[in-house]
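Attaching a single structure in structure tokens format; questions to follow.
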Amino acid sequence: MRALLEIEIDTETSNRLIADGSIGEKFERLLGNLKPEAAYFFARNGRRCQIIVVDVPDEAALPSICEPFWLEMNADIDVHLCMNAQELREGLSRLGR
């Protein structure tokens with residue numbers, strides 16, 4: 001299943017990671033492990049944020065997806081199941097059945 005992760009990174013933690021030069025390596029490793037369909041980075045509420053769309057094989061995969069962001073970046077994460085247009089069409093076609 002497809003999931004959209006909204007990730008807000010703690011400012012103090014991200015400032016420290018930028019200062020010590022490790023933030024780029026952490027992002028490369030985390031994104032390399034997740035192999036996102038899409039990843040976007042932006043500022044929200046004065047914090048560094050990102051939206052990542054990933055494939056989640058099952059509910060049991062959520063800890064391994066979220067824990068690295070919690071542990072390494074002190075991040076807040078919202079997870080939303082989502083679908084593309086074709087999946088929405090299929091879902092809507094099932095309403096009439």
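Any read-out appearing in this document is the output of simple, stated calculations on the displayed coordinates, not a laboratory observation. Source: prediction; values computed, not measured.
From the helices alone, meaning DSSP H stretches of at least four residues, give me the mean residue ellipticity at 222 nm for the chain, per-run term -39500 (n - 2.57), in deg cm²/dmol to the nearest 500.
Computed ellipticity for the chain at 222 nm equals -13000 deg cm²/dmol.
Identify which of Asn74, Asn84, Asn15 has the largest mean-square fluctuation in a Gaussian network model of the chain, with springs joining Cα atoms closer than 10 Å.
Of Asn74, Asn84, Asn15, the Gaussian network model singles out Asn84 as fluctuating most.
By how many nm would the segment from Asp10 to Glu37 lengthen if fully extended, with 0.36 nm per residue of separation less the alpha-carbon distance?
Difference between extended and current length: 7.3 nm.
For segment 2-96, what relative contact order do you get, as a whole percent, if you take Cα pairs closer than 8 Å and at least 6 residues apart?
45
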